[in-house]
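The structure appears below as structure tokens.
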Amino acid sequence: MKRKAYQTLEDRGNADEIENNGPFLCDRKNAWLGRGYYFWDSFINNAHWWGQEGACYKDGYIICESSFDLNDKCFDLYDNPEHIQQFKLAFNLMKEKGLFVKDKTTVGRIIEFLKSSNTFS
């Protein structure tokens, strides 16, 4: 299924670089879902919200529109029941192994745990 996606970026006066080299990987240590490419799926208003309130880019922001095929390479916790189940299993396994810390274990940490397992591609 083809979907529109929006990536919100800080405006650094480098529109040509963004157009030629995007999308951009987020690898900040405090990235909410861990290392990856962050897009707002289908709703451009969410991308504007991130630029204005979420990230609070002081010099403004740029929204890049692209499209992608929602397929097996996308870990979809919104409307893919198999991926949601896989996430829940990882969450429970982390709890069993004592790796879950209430109020400290994030969605990103669970996804990183999945990435380190042999079951997640």
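Tabulated data
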| read-out | value |
| --- | --- |
| Matching option when the condition is within 17 Å of the chain's Cα centre (by Cα) and open to solvent by 70 Å² or more (accessible area, probe 1.4 Å), among D76, D103, D69 | D69 |
| Residues that are of a type in the set (D, E) and more than 19 Å from R35 (Cα to Cα), drawn from region 73-121 | D79, E82, E96, D103 |
| Residues (assigned to a loop (DSSP other than H, G, I, E, B) and either open to solvent by less than 70 Å² (accessible area, probe 1.4 Å) or under 17 Å from L70 (Cβ atoms) (or both)) located in region 18-47 | G22, P23, F24, A31, L33, G34, Y38, F39, S42, F43 |
| Out of Y38, Y61, sole residue that is more than 26 Å from L114 (Cβ to Cβ), among the hydroxyl-bearing types (S, T, Y), at pLDDT 90 or above and touching a strand residue (DSSP E or B) at 6+ places or on another chain (Cβ under 7 Å) | Y61 |
| Residue that is farthest from M1 (Cα to Cα) [pool: residues in region 78-92 that are free of Cβ contacts under 8 Å to residues at least 12 places away in the same chain and among the aliphatic types (A, V, I, L, M)] | L89 |
| Close pairs (9 angstrom Cβ cut-off, 6 or more residues apart or separate chains): without any contact (Cβ under 8 Å) to a residue 24 or more places away in the chain in region 57-74, in a strand (DSSP E or B) and surrounded by 12 or more Cβ atoms within 10 Å (Cβ to Cβ) anywhere | K58/E10; C74/F68 |
| Filter pass, T119 being outside any helix (DSSP H, G or I), out of contact with any helix residue (DSSP H, G or I) (no Cβ under 6 Å at 6 or more places or on another chain) and open to solvent by less than 60 Å² (accessible area, probe 1.4 Å) | no |
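The values are calculated or read from the model by the stated rules, or taken from the named source; none is laboratory data. For clarity, every value in this text was computed on a predicted model and none was experimentally measured. In this analysis, Cβ positions are derived from the backbone assuming ideal geometry, glycine residues included, and neighbour counts consider all displayed protein chains. These area figures cover heavy atoms from the full protein model, side chains too; ligands, DNA and RNA do not enter into them. Shrake-Rupley method; radii C 1.70, N 1.55, O 1.52, S 1.80 Å.
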